[in-house]
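Some notes on the structure that comes next.
The values are calculated or read from the model by the stated rules, or taken from the named source; none is laboratory data. As the structure is a computational prediction, the values presented were derived from the model and not from experiment. With ideal geometry, Cβ positions are generated from the backbone for all residues, glycine too; neighbour counts draw on all protein chains shown. Just so you know, the surface numbers come from the protein's heavy atoms only, side chains and all, with ligands and any DNA or RNA stripped out. Shrake-Rupley method; radii C 1.70, N 1.55, O 1.52, S 1.80 Å.
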Amino acid sequence: DRQTLVAVLQFLRRSNLRESEEILRREARLLGDDLGGSVATVASSSPGVAAVAAAPPGKGGARAGTAGSLPAAGGRDAGSQGSVAGVVVEDQPDVSAVLSAYNQQGDPTLYEEYYSGLKHFIECSLDCHRAELSQLFYPLFVHMYLELVYNQHESEAKSFFERFHGDQECYYQDDLRVLSSLTKKEHMKGNETMLDFRTSKFVLRISRDSYQLLKRHLQEKQNNQIWNIVQEHLYIDIFDGMPRSKQQIDAMVGSLAGEAKREANKAKVFFGLLKEPEFDVPLDDEDEEGENEEGKPKKKKPKKDSVGSKSKKQDPNAPPQNRIPLPELKDSDKLDKVMNMKEAARRVRLGPECLPSICFYTFLNAYQGLTAVDITDDSSMIVGGFADSTVRVWSVTPKKLRSVKTAADLSLIDKESDDVLERIMDEKTASELKILYGHSGPVYGTSFSPDRNYLLSCSEDGTVRLWSLQTFTCLVGYKGHNYPVWDTQFSPYGYYFVSGGHDRVARLWATDHYQPLRIFAGHLADVTCTRFHPNSNYIATGSADRTIRLWDVLNGNCVRIFTGHKGPIHSLAFSPNGRFLATGATDGRVLLWDIGHGLMVGELKGHTDTIYALRFSRDGEILASGSMDNTVRLWDAVKAFEDLETDDFTTATGHINLPENSQDLLLGTYMTKSTPVIHLHFTRRNLLLAAGAYSSQ
């Protein structure tokens, strides 16, 4: 590892073995002519990172990295997003190298003048440019403030902050609160938000005309201080065409690192669904012949998508069937699919005229603090994760939960009998609630496997546990995160699952590997929620850095970055046809995204508090959202996604035109008495189940 290497190099130097030192340095790609007698080994900002040696300032900071090293846990690795074996780990900032960029200071007393001069210029510019150039206020304000603090002009920094912090957009309040606590150079060293801001360039998207205007102004005024910051710390994504309006900009900004570069959303995404395996559905005896004639085509239909599956042709946007290895279907899975299709034949077609009934499961007296809920696909079991570190599983049907008999009893069973699967169950253990003990901290995420044999839970203790629903015991504890794990979810095909946590990284696992298969690094703050795409080739992650990223399971690349929320993301839902993504956050807005074009296509306003649950109905006609404001709202998804203008111009420049009023899309609002909604689930027949814990405040 790195420290050992540095120590060896120092030893060689002291022993005057210059030649060996050179060879070793070339091998390890350690450049920088002077390691110096005192090599600072400063642990880098991100939690699990190996110590990094300080390169002399001016050498571009510590850029070395041992061959094949991972972007460290949560690596601030903006450059090579999540490449699993990048040889050079860029942007693992060594703190002092990062901060030394602030040395080139101007006259501290003039900072307020520089800033107010620019502010005056922008406020007096034409309306069409003003909205775009106003995006500069926040990143410049932060960098100028940090520069003053770093160079120990504390009183100037304080008055600068007090004079201008009120001008910043309301959605930066939380960041400014963190910033206001950084008043001394020493505070900056350990502050992660600060280091993120320093090392990831803040992205602004500005039209060429507005940019030329700004450049001319700064060059005429000889305003080098601001020009240096613009060049050093901002990434200006320039597009040709009309400047964007205030509404268009407001819809897209607000994340920790500004907007996404347009390049980030260019990669091709296979958002189509995989072809369902074909097998015949045996007809029920009860069905009269007359109904069969109508019912036949319906029963064959797989559950996912009402349009794409009628023709047996492969969806042109679907990934190749074997792009990632998926588990084989077992006989029990086939049986389940048959059941599923029979249910689908009786499914209610929802729409504005036909809204679903909602069945609400209220957890009463949940003094253990309910922190997570999940419901099986066939709606037979419900699980709650609690702050007292227990996981509790209930049967929601009259069928009780039973464990398999002990080994001694199993050996007595006649294995040839027809009802062997019944006989192995121990009636003495039947109960409607099972409690699973094992975690040592609050359980923040739970997920049932599609075949209902397993259950995942993730906790503040940093582990993800896999439980058997046959024996109600823990089978594996997956240890990879060093910090709380906020969410976990099984793939729609089982076998794979994803977890995301406080270390800013999402990990992809397979149930039979105790180490992760992929590490998705790139978010600048906690990964708060995770979701598999219906075709299992992609994973969406929502983060406290106020962005949503879409990752490719095959190679670990980040293929989409969506910005626009003004608070941490807490819920994600893919539409059943795989084309769209809905996201909800603490800002009370639901945003809708077109995955193929990488564009925001809608904004649903109505909730007044964090949105913790989002779910599309089985055929995608209705989007349900559940929030801390104690309401469930139903939205017209068909209308929200129809006649989208996704022409090339929009895609190229991000001129999105959102409908002014999302109230036309709101189909209904349903209040609970005093129960925040933390989970939603549509049954196979489109009954909406909701869950939450009654709060007596």
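When the accessible area of the stretch 107-259 is split by element with a 1.4 Å probe, what percent falls to carbon and sulfur?
Roughly 47 percent, rounded to a whole number.
For 427, 27, give the ranking by accessible area with the largest first, probe 1.4 Å.
Sorted descending by solvent-accessible area, the residues read 27, 427.
In terms of solvent-accessible area of protein heavy atoms at a 1.4 angstrom probe, what is the ranking of 331, 336, highest value first?
331, 336
Is there a pair in 434/566; 119/566; 334/400; 434/479; 221/246; 158/201 whose C-alpha atoms are over 30 Å apart, and which pairs would that be?
Correct reply: 434/566.
Whole-Hz ³J(HN,Hα) for each residue in the stretch 556-571, computed from phi via Karplus 6.51 cos²θ - 1.76 cosθ + 1.60 with θ = phi - 60°, x for glycine and proline: what do you get?
Listing the rounded values in order: x, 6, 8, 9, 8, 10, 10, 10, x, 6, 9, x, x, 7, 10, 8 Hz.
What are the residues whose amide H is under 5 Å from the amide H of residue 679, where those residues sit 5 or more places off or on another chain and H is modelled from the backbone?
Amide H neighbours of residue 679: 691.
Order 669, 608, 583, most accessible first, counting only protein heavy atoms with a 1.4 angstrom probe.
608, 669, 583
How far apart, in nanometres, would the label points at residue 673 and residue 127 be if each is projected 7 angstrom from Cα along the Cα-to-Cβ direction?
5.2
Under the rule of at least 5 residues apart or a separate chain, name every residue whose amide H is placed under 5 Å from the amide H of residue 363.
Amide H neighbours of residue 363, under 5 Å, 5+ apart: 692, 693, 694.
Could you pull the accessible area for residue 678 with a 1.4 Å probe, rounded to 10 Å²?
About 40 Å², ignoring ligands and nucleic acids.
Can you pull the three principal axis extents for the Cα set of the stretch 107-259, in Å, largest first?
45, 31, 25
Can you give the accessible area of residue 186 in Å² (nearest 10), computed on protein heavy atoms with a 1.4 Å probe?
Estimated to the nearest 10 Å², residue 186 gives 120 Å².
Rolling a 1.4 angstrom probe over the protein chains, ignoring ligands and nucleic acids, what is the accessible area of residue 332 in square angstrom, nearest 10?
Surface open to solvent at residue 332 totals about 60 Å².
Could you state the accessible area per residue of the stretch 107-259 in Å², with a 1.4 Å probe and every protein chain left in place?
That works out to 43 Å² per residue.
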